[in-house]
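Single-structure report; data block below.
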Amino acid sequence: MSANVPQLLTGRRALVQGVRDERSLAWGIAQALANHGAEVGFALGPRADEAMVRPLGERIGVTFMHRADVQSDDELDALFAHWADECGQLDILVHSIAFAPTRELRRPAAETSRAGFQRAMDVSVYSLLALAGRAAPHMVGPNPSIVTLTFDGARRAYAGYGVMGVAKAALEAGVRYLAHDLGPRGIRVNAISPGVVATTAATVFRGFESVLDQVEQRAPLRRNVTIEDAGGTAVYLASDLARGVTGEVIYVDSGFSMTGPVLGSTD
């Protein structure tokens with residue numbers, strides 16, 4: 001970052017969950033936080049390839065890297081015990097994880113299996129509650145912030161999104177309830193809703209490339225968003241500039257989510 005640009009997060013410590021590769025939204029956020037002066041640590045999921053993630057961490061000075069399965073209470077307890085020992089205070093928590101078995105995403109919502117639903121909700125939704133509850137005792141500094149990632153499929157039905165749309169709707173409700181419950185402790189909780197970003201995870205959704213084309217054609221800004229766009233919004237939400245903002249879902253999608261069908265020529 002240029003020397004004449006103020007660093008908004010100097011002295012803050014951030015734990016980022018969900019970095020998988022250099023195309024992931026979590027990586028875009030981690031870079032942005034570090035560029036604004038935050039000391040960043042990584043929490044890796046069981047499927048993360050450490051050989052791929054570690055070099056990314058080295059690029060931004062990550063020294064804390066711990067693997068934890070969000071479906072294991074014991075592993076989450078160990079994650080925050082290690083954080084307390086090695087880093088102490090926590091100022092920023094980034095939750096950027098979601099999962100549903102691919103076969104569930106290919107089914108109509110009415111055909112979702114019980115096991116697939118439970119896993120999608122556990123990994124994609126309960127994990128935010130579980131992480132927030134364990135993080136809160138360590139978030140004792142000024143203006144602590146929790147940020148998660150959602151998608152417009154939480155409020156509108158997208159073909160091929162299936163049970164994940166249901167999970168994202170629950171996640172957004174979780175943001176509001178966490179914001180309500182943790183607000184008296186000064187902890188803010190918000191969500192970023194980027195559009196369809198060309199991440200590795202997005203490739204599991206059929207037709208996502210056609211949505212990218214639609215955004216370029218119809219979104220007011222006539223472009224797709226990037227992981228850097230999500231990162232910039234995360235910096236804002238984590239900084240003192242957003243000290244009065246909590247319980248919100250911020251759309252970062254070039255305006256695509258607020259557009260309607262074309263009724264006539266705009267020439």
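The values are calculated or read from the model by the stated rules, or taken from the named source; none is laboratory data. Because the structure is a prediction, the values reported are computed rather than measured. Every residue, glycine as well, gets a Cβ built from its backbone with ideal geometry; the counts of neighbours run over all protein chains shown. Heavy atoms of the whole protein, side chains included, go into the accessibility calculation; ligands, DNA and RNA do not. Shrake-Rupley method; radii C 1.70, N 1.55, O 1.52, S 1.80 Å.
General remarks:
- In region 34-168, the convex hull through the Cα atoms has an average projected area of 9.4 nm², a quarter of its surface area.
- Fraction of alpha-carbon pairs over 24 Å apart in the chain - percent: 47 percent
- Cβ-defined net charge surrounding Leu25, 15 Å radius [Lys, Arg +1; Asp, Glu -1]: -3
- For the set Val166, Val16, the ranking by accessible area, highest first and with no ligand, DNA or RNA atoms included, is Val166, Val16 under a 1.4 Å probe.
- Across region 1-116, the relative contact order, built from alpha-carbon pairs under 8 Å that are at least six residues apart, equals 28 percent.
- In a simple Cβ point-charge model (Lys, Arg +1; Asp, Glu -1; nothing else charged), the chain has a dipole of about 520 debye relative to its Cα centre.
- In the context of the full set of protein chains, the chain has a per residue accessible area of 47 Å² (1.4 Å probe).
- Within the accessible surface of region 12-103, defined with a 1.4 Å probe on protein heavy atoms only, the carbon and sulfur portion equals 42 percent.
- For region 5-58, size of Cβ-based charge dipole, Lys and Arg +1, Asp and Glu -1, in debye: 160 debye
- The residues neighbouring Gln71, those whose beta-carbon lies less than 15 Å from its own, together hold a net charge of -2 under the Lys/Arg +1, Asp/Glu -1 convention.
- Within the shell defined by Cβ-Cβ distances under 14 Å, the residues around Asp152 carry a net charge of +2, with Lys and Arg each +1 and Asp and Glu each -1.
- Simple rule: put +1 on each Lys or Arg Cβ and -1 on each Asp or Glu Cβ in the chain, find the dipole, and look at Thr10, Ala132, Ala38; the Cα lying farthest toward the positive end is Ala132.
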